Each structure stands twice: as structure tokens, then as C-alpha cells.
Amino acid sequence: MALLAEHNISATPGRCIVEVYDADAFLGDEAALEAAEVQVVAGNGYHLYLLSLQPDIDVRVTIRVWDTAPTPPAGAEGHVAVDLESETGILVIGQLNRGPAGEITLPRPGVYRGHAWWENRQATADYYWTTLDHPTDGTFADHLTQAWKSCPVTERYVLDLSYSHASEPDEDEEP
């Protein structure tokens, strides 16, 4: 099992959501978003939603492409199988209500399969909520900004993927 590519991007989970989607798949999917509320990471094949428990502390999104995707580590808080198709070969990491955090180029366009797993999701949420338990005064906003930048743990979502096959031709496009 060889690692072919690794990309790390920090993103702010606006409304508790970070998205990963093909550069041409701009439309969201309400059913996939509802599924993420239950299983943390869910998608519709072109669009994945990663659901944090807090909306303001940056999370780390790691996308790793392997020749064969490994199983999630035993110490992960949770994991789920994922499929992600990228007809363009470019994935966007989006921050809901804040725009793209960045984009990555896959080794080649097509369908990728593997697992999403996460760590420090609950610990970051616990820290977030304790930062809000401070008196409201003129320095409160500065306190929050500094506290969120100084979070003692990093909430992390990892997509361990491997190339499966080429994308099917779009029925709406002419050959």
C-alpha cells in the first residue's frame, strides 16, 4: 500500500460544515447533508459533507490518495466508507458561508473509493463551548479569537482514497 499524494488544508466549519466536492459540482445535496448529521461524513458521489460539532475553530482536512486505501486507524473517533467522483480531477474544500478554503489536484480524474475518519471532533467541541463561558465585556471578542486560535487539539478529518475507475460519460454531453 503506497501513498501517492497527500494534501492538508485548514478550513473553518461555517454552520458546522466543511464540504469536499468536484470543481464542477457546485450544487449541494440536502439528503447528503441530513445523512452527515447522523454519520458525520456523507455525500452523494460528487459532494461530501464533513459535520463538525462547532462552527468557528479551524479544522484540518487531509486528503490522501493511495494505490490501495488503508483501513481507518483503530484510534479514530469514527469512520465511514466514502465514494467521491471528480470528473475534473480537482477537489474543492469549501467552508459553508465562507467560500473555498482551497483546492487540490488529484492524480487523475475519476471515481475514488475509501474511508473518511476523524479525530478530536468531540475534544474540539468541548473546548469551543468552554471558551464561551467567559464574561461578556469589551475584551470578549478578542478573547474568543485568541482562544480559538490556541485550541489545544486539532479537529481532523481524513479521506483515505484510492482510484477506482474512470468517470462514466455524461449522458447530456455530445460525444
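The residues of segment 64-89 that are farther than 10 Å from residue 20 by Cα and either part of a strand (DSSP E or B) or open to solvent by less than 10 Å² (accessible area, probe 1.4 Å) (or both), listed by number, are 64, 65, 66, 78, 79, 80, 81, 82, 83, 85, 86, 89. Kindly check whether there is at least one residue in segment 29-37 that is out of contact with any strand residue (DSSP E or B) (no Cβ under 9 Å at 6 or more places or on another chain), over 21 Å from residue 121 (Cα atoms) and open to solvent by 40 Å² or more (accessible area, probe 1.4 Å). Yes: one or more hits.
Matching residues to (1) within 18 Å of residue 5 (Cβ to Cβ); (2) free of Cβ contacts under 8 Å to residues at least 24 places away in the same chain; (3) in a strand (DSSP E or B); (4) open to solvent by 10 Å² or more (accessible area, probe 1.4 Å):
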| site | (1), (2), (3), (4) |
| --- | --- |
| 94 | no, no, yes, no |
| 97 | no, no, no, yes |
| 108 | yes, no, no, yes |
| 111 | yes, no, yes, yes |
| 117 | yes, no, yes, yes |
| 123 | no, no, no, yes |
| 127 | no, no, no, yes |
| 130 | no, yes, no, yes |
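Close Cβ contacts (under 7 Å, 6 or more residues apart or on different chains) running from residues in segment 76-89 that are over 24 Å from residue 109 (Cα atoms) to residues that are hydrophobic (A, V, I, L, M, F, W, C) and open to solvent by less than 30 Å² (accessible area, probe 1.4 Å) comprise 76/117; 76/118; 77/118; 78/40; 78/117; 78/118; 79/116; 79/117.
Taken together, the residues in segment 24-72 that are at positive phi and at pLDDT below 95 amount to 1.
When each of 82, 92, 111, 153 is tested for being at pLDDT 95 or above, among the β-branched types (Val, Ile, Thr) and within 16 Å of residue 56 (Cα to Cα), the lone residue that passes is 153.
The values are calculated or read from the model by the stated rules, or taken from the named source; none is laboratory data. On a predicted model such as this, the values are computed, not experimentally measured, just so you know. FYI the Cβ positions are ideal-geometry reconstructions off the backbone, even for glycines, and counts take in every protein chain you see. Each accessible area value is taken on the protein alone, full model and side chains, heavy atoms only, with ligands, DNA and RNA left out. Shrake-Rupley method; radii C 1.70, N 1.55, O 1.52, S 1.80 Å.
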